[in-house]
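The values are calculated or read from the model by the stated rules, or taken from the named source; none is laboratory data. This structure is a prediction, so every number in the text was calculated from the model and none was measured. As a convention, Cβ positions derive from the backbone with ideal geometry for all residues, glycine included, and neighbour counts pool all protein chains shown. What goes into the accessible areas is simple: the full protein's heavy atoms, side chains included, and nothing from ligands, DNA or RNA. Shrake-Rupley method; radii C 1.70, N 1.55, O 1.52, S 1.80 Å.
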Amino acid sequence: ECNTQPCDPCAGLSCGLNEECRRSSDNTTATCECTPPFTRASPEAECTKERPWDVFTFGPFCDGDWPTTVRCTDVSVTGGSTMEIWDAFYGRVENVPECPSDSGVTDCGSPSGLLQKLKDQCDGQGSCTVKADPEELGDECPGVEKYLTIDFRCN
């Protein structure tokens, strides 16, 4: 809260992932609010995206698998023919049976920029070829066997 002017109520406020500082109309207080399309289920909850009914998950694809082509014609129930990447993950947060690992690591998150990289490559296309490869996608955890999942919809 600001008691003197000039003052920036956002200074010192640490907003979380998918949040931004919003100032009150009189510029004396500020809160962290979700950035669209993210919303908060309760005041204490993290900002998340509501998943539309027509989003499909493709994968998991394991490190070293052959390149795989994602096609709207294979899954679209709405008749849409162009892809929109909704979310993506490349790392390891659980042991998935399709991509076994002996490392025991389950806290390897996605490289920064992964979602934007896949959106740049695939959005607006009828099909998109991807490969679970640290050289192509980035590598937050060298030496850990990772897997790739892609959530997408067809418009």
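Things worth noting here:
- The distance from the alpha carbon centre of the stretch 93-135 to that of the stretch 1-73 is 21 Å, rounded to a whole number.
- Fluctuation leader among 21, 108, 62 - the chain, Gaussian network, Cα springs under 10 angstrom: 21
- Rolling a 1.4 Å probe over the protein heavy atoms of the chain, with every protein chain left in place, gives an accessible area that is 48 percent carbon and sulfur.
- Under a Gaussian network description of the chain, with springs only between Cα atoms under 10 Å, the residue in 124, 104, 12 that fluctuates furthest is 12.
- Accessible area per residue, Å², the chain with all protein chains present, probe 1.4 Å: 60 Å²
- Kirkwood hydrodynamic radius of the chain, from inverse mean 1/r over distinct Cα pairs, in Å: 18.0 Å
- Toward the positive end of the charge dipole of the stretch 73-155, with +1 on the Cβ of Lys and Arg and -1 on the Cβ of Asp and Glu, the farthest Cα among 82, 127, 101 is that of 82.
- CD proxy at 222 nm, helix term only [per DSSP H run n ≥ 4: -39500 (n - 2.57); per residue of the chain; nearest 500]: -2500 deg cm²/dmol
- Sites excluded, GluC sites (Glu not before Pro) in DSSP loops with at most 11 other C-beta within 10 Å, longest stretch of the chain: 99-155
- Our summary gives the chain a relative contact order of 28 percent, counting only alpha carbon pairs under 8 angstrom and 6 or more residues apart.
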